[in-house]
1. Using only the alpha carbons of the range 56-101, determine the length spanned along each of the three principal axes and report them from longest to shortest in whole angstroms.
2. Okay, helix-only estimate at 222 nm for the chain: each DSSP H run of n ≥ 4 adds -39500 (n - 2.57), divide by all residues, round to 500 deg cm²/dmol; what do you get?
3. Determine the relative contact order of the chain: mean sequence separation of Cα pairs under 8 Å and six or more apart, normalised by residue count, in whole percent.
4. Can you give me the convex hull volume of the Cα atoms of the range 2-43, divided per residue and expressed in Å³?
5. Tell me the label-point distance for the pair residue 66, residue 10, using the 7 Å Cα-to-Cβ offset, in nm and rounded to one decimal.
6. As I understand it, the value is the acute angle between the Cα axis of helix 56-75 and the longest principal axis of the Cα atoms of the chain; what does it come to in degrees, rounded to 10?
7. So, in nm, how far is label residue 36 from label residue 1 when the simple model puts each one 7 Å beyond its Cα toward the Cβ?
8. To test your reading of the geometry: what angle, between 0 and 90 degrees and rounded to tens, separates the Cα axis of helix 87-101 from the longest principal axis of the chain?
């Protein structure tokens, strides 16, 4: 199979073909240029059946982004807002607001 790798020193992507059971131990870009070799970073490319798990800062940033998008979507529609908090709670809040407005 063909896999996509990233040379972390030169920030250059390259393809390498090998068995699924093995992993590339030497950076082909650095090896070709006569530089000190290192283990390249394997990238996920194309449609895959696998899943990506975020960690650390990437996970925190993704959760914040998803939360903001959810809030925009929910507060932009009465129906979605009612579904998010529950119809009885939504009705109770609307009743309170109507009483204050009188």
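Nothing in this text is a laboratory measurement; each read-out follows from the coordinates by a stated rule. None of these values were measured; they are calculated from a predicted model. Cβ sites come from the backbone with ideal geometry, for glycine too, and all protein chains shown count toward neighbours.
1. Taking the Cα atoms of the range 56-101, the three principal extents are 46, 18, 16 Å.
2. That comes out to -15000 deg cm²/dmol.
3. After rounding, I find 17 percent.
4. Considering the Cα atoms of the range 2-43, their hull volume per residue is 60 Å³.
5. A separation of 3.7 nm, rounded to one decimal place.
6. That works out to roughly 30 degrees.
7. 3.2 nm
8. 50 degrees
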